[in-house]
1. Go through 73-84, 266-277, 213-224 and give me the packing order, highest mean Cβ count within 10 Å leading.
2. Using alpha carbons only, how many angstrom separate the centre of region 9-78 from the centre of region 211-285?
3. Among 284-290, 35-41, 13-19, how do they line up by average Cβ neighbours within 10 Å per residue, starting with the highest?
4. Give me the accessible area of ASP61, 1.4 Å probe, in Å² rounded to the nearest 10.
5. Using a/c under 1.5 as the rounded threshold, could you call region 117-207 rounded, prolate or oblate? The axes a ≥ b ≥ c are square roots of the C-alpha gyration tensor eigenvalues, and prolate needs a/b larger than b/c, oblate otherwise.
6. So for region 159-300: antiparallel DSSP bridges make up what percent, rounded to the nearest 5?
7. Ordering LYS237, LYS163 by how much accessible area each has at a 1.4 Å probe, largest first, what is the list?
8. What base-10 log of the normalised intensity I(q)/I(0) is obtained for region 211-301 from the Debye formula, alpha carbons as equal point scatterers, at q = 0.19 Å⁻¹?
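The values are calculated or read from the model by the stated rules, or taken from the named source; none is laboratory data. Source: prediction; values computed, not measured. Every residue, glycine among them, receives a Cβ derived from its backbone with ideal geometry; neighbour counts consider all protein chains shown. Each accessible area value is taken on the protein alone, full model and side chains, heavy atoms only, with ligands, DNA and RNA left out. Shrake-Rupley method; radii C 1.70, N 1.55, O 1.52, S 1.80 Å.
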Amino acid sequence: MQRPAVCHLPNEELEILNSEYGKNMIKLLRIRRDGKKHCIKEVEACVHLRLDSVNEYSQGDNSAVIPTDTMKNAVIALAKCNGIETIEQFALDICNHFISSYCHVVYVKAYIQEAPWRRLEQNGVPHVHSFIFVPEGIRFCEVEQCQDGCPLISSGIKDLKLKKTTQSGFEGFHRDKYTTLPETTDRVLSAELFCKWCYGECQDIDFDRVWDIVHESVLEAFSGPPDCGAYAPSYQKAVNDIQMLILARVPQIEETEVILNNIHYFVTDLKKLGLTNEKEVLIPVDTPYGSCTCVLRRKKCLEEQA
């Protein structure tokens, strides 16, 4: 078969802006055994590298390329040798390994997410080696590091599903000839949430404790007090309430990004069945859905950068 002709442009007319490569979805389960008591971390890791040359792209020269299979093996070996205390520390270990072991690696990015296993309890007694999958949001982190640079650490929660059946509304919005949406002061707010935060100084941070505080803050800001709730005039305001509470409670966090997808529920008409429906039976509409994104950062961080 005749190969297609290749059009070559002069090299001086082109430049490679980025040339990362890596291994995605490295999955492993790490078990730590302390006598009868076992502790587990099941993670999925993605590791990407940037080298000090692009010869593998421009010249087809693979002499500097660290195979992605080698990268996978290194991640597994680090899990064995160092353990996984937190996913953030594991990501730091991965970045440090590639930066310190290969002088021609100029940049490393490690993304890790953790399966939400929680220790089983029977009559309030923690089980020594049994766990249950509890989907209260997926914990993840990302660490980036350059040669001779400090690591940049971010953590987050994703796929967290929340719902409130009242204390949510939407009114006073802009109207034009295409607007058909009625105003409401009482609706179901059903959300799927993504929350990511960036740390400033990364010394002596209790990553587990911070994650727990952020998780609790998200739930509290979304729902309000347990006996009465708190009114949200829009899902945009719900996002802001979440971010403000996170930054107020965790001074180590410099920046937080929240994405809230609003899954709509509509009251179904039961008149044909001879029944009334006082907002008791609703039908979810998966698509299309509303989405709100906001990045909130402390002003002092912007001033320091400037």
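1. Numbers: 73-84: 15.8, 266-277: 9.8, 213-224: 18.5.
Peptide ranking by packing, descending: 213-224, 73-84, 266-277.
2. After rounding, the separation between the Cα centres reads 38 Å.
3. On the way: 284-290: 10.0, 35-41: 13.1, 13-19: 8.0.
Highest-to-lowest ranking by the protection proxy: 35-41, 284-290, 13-19.
4. About 60 Å², ignoring ligands and nucleic acids.
5. Numbers: a/c = 3.66, a/b = 1.40, b/c = 2.61.
Oblate is the answer for region 117-207, as a/c is 1.5 or above yet b/c matches or exceeds a/b.
6. Working: 28 of 29 bridges.
Here the antiparallel bridges make up roughly 95 percent for region 159-300.
7. Numbers: LYS237 85, LYS163 110 Å².
The residues order as LYS163, LYS237, largest area first.
8. Once normalised to I(0) and log-transformed, intensities are -0.96.
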